[in-house]
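No value in this document is a laboratory result; all are computed from the given coordinates. Note that the structure is predicted; figures quoted are calculated from it, not measured. All Cβ positions, glycine included, derive from the backbone under ideal geometry; neighbour counts span all protein chains shown.
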Ligand code: PHB
Ligand code: FE
C-alpha cells in the first residue's frame, strides 16, 4: 500500500487494483489474455456502493457497483468481478473474476472505505443531507461508516431486543416525515405473556431513520426477515438477487429498473406507488429511484439453503407461476 499524490492509498486484491483521485475511483485489471483494462466510477457513487457492500457483509447474491464491477457473495468466499455480468464485455473477453476468502476482501474493502471517505461525507446519507465526497484526502468519517446494522432478533422494542428510535438515542424525525404520527400502540397482554405479545409503530420507527437504502430487521420469524428501510435518491447498488425478494411500497413512490442478472439486458420498469407490492424474481437485477424520501418494506427469505435449492431446481426463481 502506498499513498498517491492526492493523499489516498492505493489498494490491491489479487489481479485488481483500486486507485482514487479527487473525483474518481479507478479500477484496473488484466484480462485472461493479459490485456490491461480499466474502469472509472464517480468517487461518491463508488463509496456509496462500497458502504453497502461492507455494511451488509456482501448481501444476498450480487452487488453490482455499476454495469461493470461488483461482488457475488458465495457465503464463505466472495467473487470480485469486472465485466463478467456485462454481456458486451464478457463477449469481448475483457472481463476478470477472482474469488477471495470473505475475510480478505472484507478487510481490504473496509480499509479502502475508511481511507477514501473524507470528513463530512456520509455514504449512507441522502445527497441533500451530506457534504461532498470530492477533493484531496481530508480527515475521515469513521464514526459514520462503522454504524452497527440495526437487526432485531425477534421484534423491535421487545425486551433485550433492538430498541425503538428516539430523539434521546440520536434519531430525530426526518424532514420528509414531519407529519408521521409518533404514538405507540396500546398493549394489553395477559399476565405471563408480556414477553410474547408485542406491537410498535413501524411508520414512527422509519420516520426516524438517519440513513437511506439500508434495510434493518424489524421482525424475524425463523427465516422470514422484515427489512424496512427509507429511500431517497438512487439505490447505490444494482442488486442481483439469488432468491425471490418482495417489496411493499409503504409511502410515496420508487421507480425500479430491472434487468437480466447475468447479462444486464433490460427486462422491466416497475413504478411502485404507496400500497403497491411486487416480487423480484431470483433471475433479475434491480435498482430503485426514489424522488422523495419514501418507506419501503423489503421481505427476505434468509434461509441459508435457499440459494442452493434454487441452483438445483428444487426451489423456484419466481414467487408464482401464471
Ligand atoms: C434490494 O436490493 O432489493 C434493496 C436493497 C436496499 C434497499 C432496498 C432494496 O434499501
Ligand atoms: Fe434486491
Between rounded, prolate and oblate, where does the stretch 220-259 land on the alpha carbon gyration tensor, with a ≥ b ≥ c its root eigenvalues, rounded for a/c under 1.5, else prolate if a/b exceeds b/c?
oblate
Cα gyration tensor of the stretch 35-171, axes a ≥ b ≥ c as square roots of the eigenvalues: rounded (a/c below 1.5), prolate (a/b > b/c) or oblate?
oblate
Rg and Dmax of the stretch 99-258, Cα atoms, in Å?
18.2, 61
The chain: angle of helix 43-55 to the longest principal axis, Cα-based, in degrees nearest 10
60 degrees
The chain, Cα convex hull volume normalised per residue, Å³:
156 Å³
Interatomic Cα distance distribution for the stretch 143-198, bins of 10 angstrom, percent
18, 40, 32, 10, 1
Give me 273, 222, 90 sorted ascending by neighbouring Cβ count inside 10 Å, so fewest comes first.
222, 273, 90
Any chance you could check the Cα centroid distance between the stretch 98-177 and the stretch 219-263 for me, in angstrom?
19 Å
With a ≥ b ≥ c taken as the square roots of the eigenvalues of the C-alpha gyration tensor of the stretch 237-322, please select rounded if a/c is under 1.5 and otherwise prolate if a/b is larger than b/c or oblate if it is not?
prolate
Counting other C-beta atoms within 10 Å, which of 183, 300, 110 has the fewest, and how do the rest follow?
183, 110, 300
Hey, fewest Cβ within 10 Å first, where do 219, 209, 38 land in order?
38, 219, 209
Which residue fluctuates the most in the chain, going by a Gaussian network model with Cα springs under 10 Å, if the choices are 237, 271, 145?
271
Gaussian network model of the chain, Cα springs within a sub-10 Å range: biggest mean-square fluctuation belongs to which of 258, 284, 155?
155
Do the sum for the chain: with -39,500 (n - 2.57) for every DSSP H run of n ≥ 4, divided by all residues, what is the mean residue ellipticity at 222 nm, to the nearest 500 deg cm²/dmol?
-4000 deg cm²/dmol
Tell me the angle of helix 102-116 to the major Cα principal axis of the chain, expressed in degrees between 0 and 90 and rounded to the nearest ten.
90 degrees
